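> Let me begin by handing over the structure; questions about it come next.
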Amino acid sequence: MSQHTAGLAIETAGLVKTFGETRAVDGVDLAVPTGTVYGVLGPNGAGKTTTVKMLATLLRPDGGQARIFGHDVVREADEVRGRVSLTGQYASVDEDLTGTENLVLLGRLLGHAKKAARERSAQLLAAFGLTDAAGKQVKHYSGGMRRRIDIAASILSTPDLLFLDEPTTGLDPRSRNQVWDIVRAVVAQGTTVLLTTQYLDEADQLASRIAVIDRGRVIAEGTKGELKASVGAGSVHLRLRDPAQRPEAEQVLRLALDADVQRDPDPVALTARLDAAAGDTAAAQAARALGELSRAGIVVDNFSLGQPSLDEVFLALTGHDTKTDAKTHAKTDPKTDPKSDTETGTGPAGGGGTSAGAGAAGRGEKGEVPV
Ligand SMILES: Nc1ncnc2c1ncn2[C@@H]1O[C@H](COP(=O)(O)OP(=O)(O)OP(=O)(O)O)[C@@H](O)[C@H]1O
Ligand SMILES: [Mg+2]
């Protein structure tokens, strides 16, 4: 990688970071187009934070190269620092200060005059739905409010490139939607975003391209369509009225979907994997299956459609699940199971990006985040 490629915000070749015996990042190549959201998807310990830290000049690589807008992260670290901002996995704001105090302080540190820092702080707090909490100490904020103030802090000065390291881990569906709206607003105004996540649906919602990383290596890269095509379209879960009808339901589903059907431990439940290459959306396939069951006189009490979980993605790509590596599994993290993103069949649930109230955080009075 001797020449900078025009149009790329991030370009890495063979990036390596080791910690003793651990090759946390083991030869990562990335090419992130300017003006887009790029998703880096991987389980605990995959090397996401380590990669982000090297790109943000907080860690020195042990091998390979990385350029941000053409500037080498080691030799031209100052130029890089002038153009990037990072919202870390763990909160960086001061818990004992209020929302306003945090933002004004950081604004002053960035060189804003007192009045400008106050104005900018008020503007961001309003845009992120935090005006009512502006005078409260951050330690009394909810998880969702914390993430929002963190992101607000990282865009006090509009960065050309924003790193968001697991911005929604541990948040409830409504708060996740609010953060997603903020990310969309930030990128709409020209900032390139590199987002790390453990949730396929989050990468799906926000990113144009996705790199899947496992044990420090990129194991798949492409548009979300390409990625989904390689891992399947998710699954449909059904609960029948009568357990005696399960064997027949299983057969009907197999024929209707040409899919793998599994019996769940619950005697009335079945799960069918949907085929992404079927040419139909997951919803259309599920509708077909329900129609066939009804024609066969099988009563379905309820059903849900689930996106492939990170485990399913990993299984499809690597033949092992995300927990195979004892070292990465050893970390206990309160991260929720991505399967909780499952949507019920009766209406859109949390993951759809349409929840009421989401607009309050993502948009200011003029309908945009003032970045
Ligand atoms: N400072 C450090 N010293 C020693 N080992 C480290 C250090 N930082 C990270 N590691 C190890 O490097 C590997 C990658 O860690 P990293 O934090 O980059 O993963 P991650 O993908 O961000 O995971 P998570 O989803 O849990 O945040 C892990 O095995 C981790 O234990
Ligand atoms: Mg991390």
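The values are calculated or read from the model by the stated rules, or taken from the named source; none is laboratory data. Worth saying up front: this structure is predicted, and the values here are computed from it rather than measured. Positions of Cβ are backbone-derived with ideal geometry, glycine not excepted, and every protein chain shown enters the neighbour counts.
> Just to be sure I understand, how many residues within segment 209-253 are within 16 Å of ligand 2 (Cβ to nearest atom) and not in a strand (DSSP E or B)?
Final tally of qualifying residues: 2.
> I'm trying to understand the selection: among the residues of segment 192-205, which are buried (at least 23 other Cβ atoms within 10 Å of the Cβ) and more than 10 Å from residue 168 (Cβ to Cβ)?
192, 193, 194, 196, 200, 201, 203
> Pairs please, first residue from segment 52-63 and over 22 Å from residue 39 (Cβ atoms), second anywhere and within 10 Å of ligand 1 (Cβ to nearest atom), Cβ atoms under 7 Å, 6+ apart in sequence or on different chains.
Close Cβ pairs satisfying both conditions: 62/17; 62/18.
> Still on this structure, please answer the following. Taking segment 74-94, which residues are more than 16 Å from ligand 1 (Cβ to nearest atom) and free of Cβ contacts under 8 Å to residues at least 60 places away in the same chain? Step through it out loud before you land on a result.
Within segment 74-94, the subset more than 16 Å from ligand 1 (Cβ to nearest atom) is 74-85, 93-94.
74, 75, 76, 77, 78, 79, 80, 81, 82, 94 - these are the residues of segment 74-94 that are more than 16 Å from ligand 1 (Cβ to nearest atom) and free of Cβ contacts under 8 Å to residues at least 60 places away in the same chain.
> Still on this model: Quick one: which residue in 261, 252, 268, 236 is without any contact (Cβ under 8 Å) to a residue 24 or more places away in the chain, surrounded by 14 or more Cβ atoms within 10 Å (Cβ to Cβ) and β-branched (Val, Ile, Thr)? Working first, answer last.
On the way: 252 fails: without any contact (Cβ under 8 Å) to a residue 24 or more places away in the chain; 268 fails: without any contact (Cβ under 8 Å) to a residue 24 or more places away in the chain; 236 fails: without any contact (Cβ under 8 Å) to a residue 24 or more places away in the chain.
Sole residue among the options that is without any contact (Cβ under 8 Å) to a residue 24 or more places away in the chain, surrounded by 14 or more Cβ atoms within 10 Å (Cβ to Cβ) and β-branched (Val, Ile, Thr): 261.
> Also: Does segment 57-64 include one or more residues that are in contact with a helix residue (DSSP H, G or I) (Cβ under 8 Å, 6 or more places away or on another chain), hydrophobic (A, V, I, L, M, F, W, C), closer than 17 Å to residue 214 by Cβ and within 12 Å of ligand 1 (Cβ to nearest atom)?
Within segment 57-64, not a single residue is in contact with a helix residue (DSSP H, G or I) (Cβ under 8 Å, 6 or more places away or on another chain), hydrophobic (A, V, I, L, M, F, W, C), closer than 17 Å to residue 214 by Cβ and within 12 Å of ligand 1 (Cβ to nearest atom).
> Something else now. Inside segment 122-148, can you point out the residues that are of a type in the set (A, V, I, L, M, F, W, C) and in a loop (DSSP other than H, G, I, E, B)?
Pass one, segment 122-148, residues of a type in the set (A, V, I, L, M, F, W, C): 122, 124-128, 130, 133-134, 138, 145.
Answer for segment 122-148, where residues must be of a type in the set (A, V, I, L, M, F, W, C) and in a loop (DSSP other than H, G, I, E, B): 128, 130, 134.
> Separate question: Checking the structure you have, find out if any residue of segment 65-74 is surrounded by 20 or more Cβ atoms within 10 Å (Cβ to Cβ), away from ligand 2 (no atom under 16 Å from the Cβ) and of a type in the set (Lys, Arg).
So far as segment 65-74 goes, yes, one or more of its residues are surrounded by 20 or more Cβ atoms within 10 Å (Cβ to Cβ), away from ligand 2 (no atom under 16 Å from the Cβ) and of a type in the set (Lys, Arg).
> A further question follows. Take the residues in segment 32-48 that are within 8 Å of ligand 1 (Cβ to nearest atom) and more than 13 Å from the chain's Cα centre (by Cα); name whichever of them is surrounded by the fewest Cβ atoms within 10 Å (Cβ to Cβ). So that I can check it myself, show each step before the final result.
Pass one, segment 32-48, residues within 8 Å of ligand 1 (Cβ to nearest atom): 42-48.
Now narrow it down to the ones that are more than 13 Å from the chain's Cα centre (by Cα): 44-47.
Values: 44: 17, 45: 21, 46: 26, 47: 26.
My answer is 44.
> Mind listing just one residue for me: the one in segment 152-179 that is in a loop (DSSP other than H, G, I, E, B) and under 14 Å from the mean Cα position of the chain (by Cα) and, of those, farthest from ligand 2 (Cβ to nearest atom)? Reasoning before the result, please.
Step one: filter segment 152-179 for residues in a loop (DSSP other than H, G, I, E, B), giving 155-160, 166-172.
Of the ones still in play, those that are also under 14 Å from the mean Cα position of the chain (by Cα) are 166-172.
Numbers: 166: 6, 167: 11, 168: 13, 169: 9, 170: 13, 171: 16, 172: 20 Å.
This residue is 172.
Conditions tested, residue by residue: (1) over 29 Å from the mean Cα position of the chain (by Cα); (2) over 30 Å from residue 47 (Cβ atoms).
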{"position": "220", "(1), (2)": "no, no"}
{"position": "230", "(1), (2)": "no, no"}
{"position": "253", "(1), (2)": "yes, yes"}
{"position": "260", "(1), (2)": "no, yes"}
{"position": "269", "(1), (2)": "yes, yes"}
{"position": "272", "(1), (2)": "no, yes"}
{"position": "279", "(1), (2)": "no, yes"}
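> Restrict the check to segment 93-108 and report whether at least one residue is modelled with pLDDT under 90 and closer than 22 Å to residue 199 by Cβ.
Scanning segment 93-108 turns up no residue that is modelled with pLDDT under 90 and closer than 22 Å to residue 199 by Cβ.
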